Each structure stands twice: as C-alpha cells, then as structure tokens.
Amino acid sequence: MWKALALAVAALTAAAALEFFPVRDASKPRPLPDARPTQQVLETFAVICRSEEVVDSRRDPAWLSQSFVGDNCQAPRPPKVMDGAKTSQQEIVAGMAAAKTYAAAADAFQKCVSDFVAARKAARPLTPSQAIIQNYRILVSQKTTQTVAAQTRVAIVAFNRYGSECPM
C-alpha cells in the first residue's frame, strides 16, 4: 500500500513539475535575450568612429637613422605627412612618388644593415647589445615604411572624399 501511495505522489509531482518547468526541445536553439543597449548606455558612451586612421605616427629617435658601430648605413628620412582634404592632385601624386622612393630607400637601408651584420659576424661577432640594436633598426625601418604607406593611403582616401572636385 505504501508503494502505491509513493508512486501516486511521484506521478502527481512529475505532472506538477511539467506545469512549472516546461520541457524544452533540445534540437531548437534557445532564444537569446534582447541585446539592444539601454538608453542609459547610449547616454553614457559617446559614439567613436575610427576608420582610415594611422594609429601611431610618432617619429623615431634620431640615433636610429645615424650610422651605428661603423656600419655606414643611414636611414632615409620619411616624407612629410599630407592632408588629403587640403592638397591638390599634383601634391597627392608627388606624395605617392615620395612614398615609393622612401620604401626603396628603406629597403636599401635594411639591406645595408643586414650586410654589415653578416660581414661583422664573419670577422668578429657583434656583442648582444649591438645585435639587438641592429635588429631594432631594421624593425623600425620596416614599421616606418608601413606607416608611410598607411599615411599615403589615408591622404588618398581623404583627397578622394573631400579634396577632389569630383561630385560624389
């Protein structure tokens, strides 16, 4: 008799549980909560739009462009930064040519440093600090080449949007 009573209570409990805790079909995805930002969030944070921007365009220390340990390698000076919205078409074309010229000169500088390190290793090895400095000079030259190319792209985009007299 107690078994029958326990089974009846278990059945009633299971039926009540289905009312309060519905079974979800596992094959269907669970609906996501509303992900729209609240009004408070919209008022707290200002919208920041950043596109076509060069993040870091600081100049490197002067000693990086000078000859180091007698390697006779001089880093080229990067071209001036153009404001594409205020420059003429001729200035944009000249800036593009200057960026290409700078990239070629930077490649020659990197090759000069690499050749010096290879020749120096054959004669007598560089000290660890000298090797680190020479590697750093190459990395800075590569980074500056990328920065000059990015600045030129940004100037071209700004010229096409605002500086050219072509209708949009």
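The values are calculated or read from the model by the stated rules, or taken from the named source; none is laboratory data. Being a predicted model, the structure only gives us computed values, none of them experimental. So basically every Cβ, Gly included, is an ideal-geometry build from the backbone, and we count neighbours across all protein chains shown.
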Quiz prompt | Near pairs, Cβ below 7 angstrom, 6+ apart or cross-chain, from the range 131-147 (within 12 Å of Pro76 (Cβ to Cβ) and in contact (Cβ under 8 Å) with a residue 24 or more places away in the chain) to any residue that is outside any helix (DSSP H, G or I) and of a type in the set (S, T, N, Q) | solution = none
Quiz item: Would a scan of the range 38-51 turn up a residue that is modelled with pLDDT of 65 or more and among the β-branched types (Val, Ile, Thr)?
Solution: no
Practice problem: Could you check Met96 against (1) in a helix (DSSP H, G or I); (2) within 28 Å of Gly70 (Cβ to Cβ) and say which number it fails? | Solution: (2)
Quiz item: Of the residues that make up the range 124-131, is at least one crowded, with 16+ Cβ neighbours inside 10 Å and either in a helix (DSSP H, G or I) or at pLDDT 90 or above (or both)?
Solution: no
